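The structure appears below as structure tokens.
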Amino acid sequence: MNQQLLAKTFVELADTLVADFDLIDFLRLLTDRCVGMLDASAAGVLLADRDGKLRVMAASDEQVRLLELFQLQNDEGPCLEAFRAGTQVIVPDLTREVDRWPRFVTAAHRSGFGAVQALPMRLRDETVGALNLFHAAPGPFDPVGTLVAQALADVATISLLQQRSTHRSTVLNEQLQTALNSRVLIEQAKGKLAERQNIDMERAFTTLRGYARAHNRRLSDVARAFIDDSEPLPGLVT
């Protein structure tokens, strides 16, 4: 494990008290670093909206995003259980859980995953979501890796919750709703860019995100401008 990158990640996940804080980009950083440092094949984050319903807020690739959506649509899977119980759900071999989650296990295998770790994003008695790590091959998980993953989830949770320290009942909910709206814009922009460039959805997201970072702009603002054609975005489309 890259200790320097791990330390940098903890700092980045703790640094949310900035005016241009972007929740979508923040959560995507969390999933990308889990994949990059913890040998996970893919990762996703589910967060509860203002009504307590889980939403897919970030995923390291399009395939796992669709699998997370499948869990929510079928109300079945380890990520939902981790959120509802507020405890880790560790599944080294999904084939042994067919009776528990028949539809999810089938979908996970179809997506190329054989094991999963679902970790609650929780502080004390408040659970705001779940961080989910998917592995291609079944087998035991590295205990140290699990501890690190939970620590990353915990830091991200604290960072999210501190956003509403002043107005506890409204700030995070408003931020999550804004992020949900941004997610819709980003998905629309991904589809438009993928079609125009003849690339896949993951490449389209990476392109949009890279453009936003290179121009020091919010990802959602770039997505909105691209969808509406409200301003030139030189270099985004070739």
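The values are calculated or read from the model by the stated rules, or taken from the named source; none is laboratory data. Quick caveat, the model's predicted, so the values are computed rather than measured. Here Cβ is always computed from backbone atoms with ideal geometry, including for glycine, and neighbour counts include all displayed protein chains. Areas reflect the complete protein model, heavy atoms only, side chains present, ligands, DNA and RNA absent. Shrake-Rupley method; radii C 1.70, N 1.55, O 1.52, S 1.80 Å.
What to note about this one:
- Residue match in the range 48-61 (condition: farther than 22 Å from residue 187 by Cβ and open to solvent by less than 10 Å² (accessible area, probe 1.4 Å)): no
- Residue match in the range 113-128 (condition: farther than 20 Å from residue 63 by Cβ, part of a helix (DSSP H, G or I) and out of contact with any strand residue (DSSP E or B) (no Cβ under 6 Å at 6 or more places or on another chain)): no
- Cβ-Cβ distances below 6 Å connect the following pairs, each with a first residue in the range 142-160 that is more than 17 Å from residue 3 (Cβ to Cβ), a second residue that is open to solvent by less than 10 Å² (accessible area, probe 1.4 Å) and assigned to a helix (DSSP H, G or I), and a separation of six or more residues or different chains: 156/13; 156/30; 159/13.
- The one condition in (1) under 17 Å from residue 178 (Cα atoms); (2) free of Cβ contacts under 8 Å to residues at least 40 places away in the same chain that residue 48 fails to fulfil: (2)
- Checking each residue in the range 177-197 for being open to solvent by 40 Å² or more (accessible area, probe 1.4 Å) and farther than 17 Å from residue 228 by Cβ picks out 177, 178, 197.
- Test for residue 139: is it farther than 19 Å from residue 28 by Cβ and open to solvent by 30 Å² or more (accessible area, probe 1.4 Å): no
- Single match in 107, 40 (criterion: among the hydrophobic types (A, V, I, L, M, F, W, C) and either in a loop (DSSP other than H, G, I, E, B) or open to solvent by 60 Å² or more (accessible area, probe 1.4 Å) (or both)): 40
- Among the residues of the range 88-104, those that are part of a loop (DSSP other than H, G, I, E, B), under 28 Å from residue 126 (Cα atoms) and open to solvent by less than 70 Å² (accessible area, probe 1.4 Å) comprise 92, 101.
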